[in-house]
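Read the structure below first, then the notes.
The values are calculated or read from the model by the stated rules, or taken from the named source; none is laboratory data. All values derive from a computational prediction rather than experimental measurement. Methodologically, a virtual Cβ is constructed for each residue, glycine included, from the backbone with ideal geometry; neighbour enumeration extends over all protein chains shown. These area figures cover heavy atoms from the full protein model, side chains too; ligands, DNA and RNA do not enter into them. Shrake-Rupley method; radii C 1.70, N 1.55, O 1.52, S 1.80 Å.
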Amino acid sequence: MTPSSTAPAANNLDAFFMPFTANRQFKKNPRLLAKAKGVHYWTPEGRRIIDGTAGLWCVNAGHGREEIKAAINQQLEEMDYAPSFQMGHPKSFELAACHAAMLPGDLNHAFYCNSGSEAVDSALKIALAWQRARGQGTRTRLIGRERGYHGVGFGGMSVGGMVNNRKQFGTLLTGVDHLPHTHIPSQNAFSRGLPEHGAELADELERIVALHDASTIAAVIVEPCAGSTGYLPPPKGYLQRLRQICDKHGILLIFDEVITGFGRLGTGFAAEFFGVIPDLMTVAKAISNGVVPMGGVFVRKCVYDGLTNGPENAIDLFHGYTYSAHPLACAAASAVLDIYKNEGVFQHAAELSMYWEDSVHSLKGTLPITDIRNLGLAAGIDLEPRKYEPGTRGYDVFVKAFELGLMVRNSGDCIAISPPLVIEKSHVDEIIEIVGKAIKAVA
């Protein structure tokens, strides 16, 4: 292909190939954010936008936190970068100890990376390596779930179950199967908190085991609450049953808590909320409040021990990233933990959750809403698709809400709302009012 001789101007919008975006549509009518503080963004023109999505589910402590800035600046003064391969720096070990102390059960080891996508691929590799290390090298199959989102690496796409994220990229990883999703609107529409029906869907894992044999299955990965597909809380008892089946067959259970981790449900992690300890837990987003890219895998003691029992001078896991446990990310994440603890952010989210629930469900009866569901400080709102134009109504609500001063997300014809955990009741009122206006405006 002959390269174009026309270079884009430095100040136009063309050069940036935007992710997960209809580039041409966006660049005709861009939605630009120029400043952020607290629970608000501002456009370049100075228009205030309430952040109804915590950025991308990540700014749980609110924007512009001076404590995080100070920690990063101090770290820059001391050291900008250090490798984590056969070397280390104090902040990484301090952060890991703090994370281990707040995690439930024996999830007491942290492997750091730079995003949720990297965390998922890391967790899948750790699972495969652990099975091999314990003499179960035939366990190579990975089980995901329909409508699941586990990032954009080839591993995460393979176990993920959102068709538009998969269909352009070939066969992906082989040896992957999927559980059915848990969204049953015919039985659970307008659920408040956990849906009543659907725990038996976990039993589909037994069918998959019967099909492939347990000796071929390494791990199952699920989001405790599916997020990017439109926020789907699990049915009562579903995760507990999944844990039991995994234990029965020697299969590792991975919770993808990139969205639910660090307070979204009013507890540190969904594992605490549900009383279910996974073998591996992936995190990102709110681990650093979105300020510096960071992700991680929290690992149970038995898995860590199983991978570190070879010769003392042998590398335990041939995996890692140049920026694993980057000093600036560790400094930011440590400051974020202090904010969460000192300000009682998780407790505040728990205390506000019932007000949030009542407020979100006050939209019931607004056409064309067909379902509302919530858990913690997040909610999904389904809209009836337009005939022959699926997804357009959800997109139009997203655009209209932005025009009215609110940022939400749409996944097809579903609207997802996940505000910073530091919001107050007045912010909740404002969010719900604008969502209602936006939906009515495009009905």
Item to check | Test set (1) within 20 Å of THR140 (Cβ to Cβ); (2) open to solvent by 10 Å² or more (accessible area, probe 1.4 Å) - ARG243 fails condition number | outcome: (1)
Item to check | Residues located in segment 246-272, provided they are closer than 25 Å to ILE372 by Cα, in contact with a Lys or Arg (Cβ under 9 Å, 6 or more places away or on another chain) and open to solvent by 10 Å² or more (accessible area, probe 1.4 Å) | outcome: VAL258, ILE259
Checklist entry - Could you count how many residues in segment 97-128 are surrounded by 18 or more Cβ atoms within 10 Å (Cβ to Cβ) and of a type in the set (Gly, Ala, Ser)? => result 8
Checklist entry - Just to be sure, is HIS197 in a loop (DSSP other than H, G, I, E, B) and open to solvent by less than 40 Å² (accessible area, probe 1.4 Å)? => result no
Checklist entry - For segment 385-436, how many residues are under 20 Å from the mean Cα position of the chain (by Cα) and among the charged types (D, E, K, R)? => result 2
Checklist entry - Restricted to segment 166-194, and to residues that are assigned to a helix (DSSP H, G or I) and in contact (Cβ under 8 Å) with a residue 12 or more places away in the chain, which residue is least open to solvent (accessible area, probe 1.4 Å)? => result ASN188
Checklist entry - Identify, please: which residue in segment 370-415 is of a type in the set (Val, Ile, Thr) and open to solvent by 10 Å² or more (accessible area, probe 1.4 Å) and is, among those, farthest from SER186 (Cα to Cα)? => result VAL399
Checklist entry - Which residue pairs have Cβ atoms closer than 9 Å, lie 6 or more positions apart in sequence or on different chains, and pair a first residue in segment 299-327 that is more than 12 Å from PHE111 (Cα to Cα) and assigned to a helix (DSSP H, G or I) with a second residue that is among the acidic types (Asp, Glu) and open to solvent by 40 Å² or more (accessible area, probe 1.4 Å)? => result LYS301/ASP106; CYS302/ASP106; LEU307/ASP316; PRO327/GLU78; PRO327/ASP80
Checklist entry - Tell me, which residue of segment 391-443 that is of a type in the set (D, E, K, R) and in a loop (DSSP other than H, G, I, E, B) is nearest to PRO30 (Cα to Cα)? => result ASP413
Item to check | Selection from segment 342-356 of residues that are open to solvent by 10 Å² or more (accessible area, probe 1.4 Å) and not aliphatic (A, V, I, L, M) | outcome: ASN342, GLU343, GLY344, PHE346, GLN347, HIS348, GLU351, SER353, TYR355
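Residues checked against (1) closer than 24 Å to SER418 by Cβ; (2) modelled with pLDDT of 95 or more; (3) not polar (S, T, N, Q):
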{"position": "HIS183", "(1), (2), (3)": "yes, yes, yes"}
{"position": "GLN187", "(1), (2), (3)": "no, yes, no"}
{"position": "LEU232", "(1), (2), (3)": "yes, yes, yes"}
{"position": "LEU265", "(1), (2), (3)": "yes, yes, yes"}
{"position": "THR282", "(1), (2), (3)": "yes, yes, no"}
Checklist entry - List pairs: first in segment 273-294 and over 29 Å from LEU242 (Cβ atoms) and assigned to a loop (DSSP other than H, G, I, E, B), second of a type in the set (Lys, Arg) and open to solvent by 10 Å² or more (accessible area, probe 1.4 Å), Cβ under 9 Å, 6+ apart or cross-chain? => result ASN289/ARG65; VAL291/ARG65; VAL291/LYS69
Checklist entry - Among SER359, SER418, which is the only one that is touching a residue at least 12 places away in the same chain (Cβ under 8 Å), within 19 Å of LEU232 (Cα to Cα), out of contact with any His (no Cβ under 6 Å at 6 or more places or on another chain) and surrounded by fewer than 21 Cβ atoms within 10 Å (Cβ to Cβ)? => result SER359
Checklist entry - Considering segment 323-341 alone, what residues qualify as being charged (D, E, K, R) and either out of contact with any Asp or Glu (no Cβ under 7 Å at 6 or more places or on another chain) or buried (at least 22 other Cβ atoms within 10 Å of the Cβ) (or both)? => result LYS341
Item to check | Among the residues listed as VAL303, VAL291, the single one being over 15 Å from the mean Cα position of the chain (by Cα) and closer than 30 Å to LEU76 by Cα | outcome: VAL291
Checklist outcome for this item: Reported set for segment 9-66 where residues are assigned to a helix (DSSP H, G or I) and of a type in the set (Asp, Glu) is GLU66
Next on the checklist: Quick test for you: out of CYS246, CYS330, pick the one residue that is of a type in the set (A, V, I, L, M, F, W, C), modelled with pLDDT of 95 or more, in a helix (DSSP H, G or I) and out of contact with any Ser or Thr (no Cβ under 7 Å at 6 or more places or on another chain).
Outcome noted: CYS246
Checklist entry - under 14 Å from LEU239 (Cα atoms), open to solvent by less than 20 Å² (accessible area, probe 1.4 Å) and touching a Leu at 6+ places or on another chain (Cβ under 8 Å) - does that describe any residue in segment 147-165? => result no
Item to check | From GLU94, GLU66, residue being of a type in the set (D, E, K, R), over 25 Å from MET407 (Cβ atoms) and either crowded, with 17+ Cβ neighbours inside 10 Å or at pLDDT 95 or above (or both) | outcome: GLU94
Checklist entry - Just for segment 130-146: of the residues that are open to solvent by less than 30 Å² (accessible area, probe 1.4 Å) and not charged (D, E, K, R), which one is nearest to ILE208 (Cα to Cα)? => result ILE143
Checklist entry - Looking at (1) open to solvent by less than 10 Å² (accessible area, probe 1.4 Å); (2) out of contact with any Cys (no Cβ under 8 Å at 6 or more places or on another chain); (3) of a type outside the set (A, V, I, L, M), can you tell me which one PRO234 breaks? => result (2)
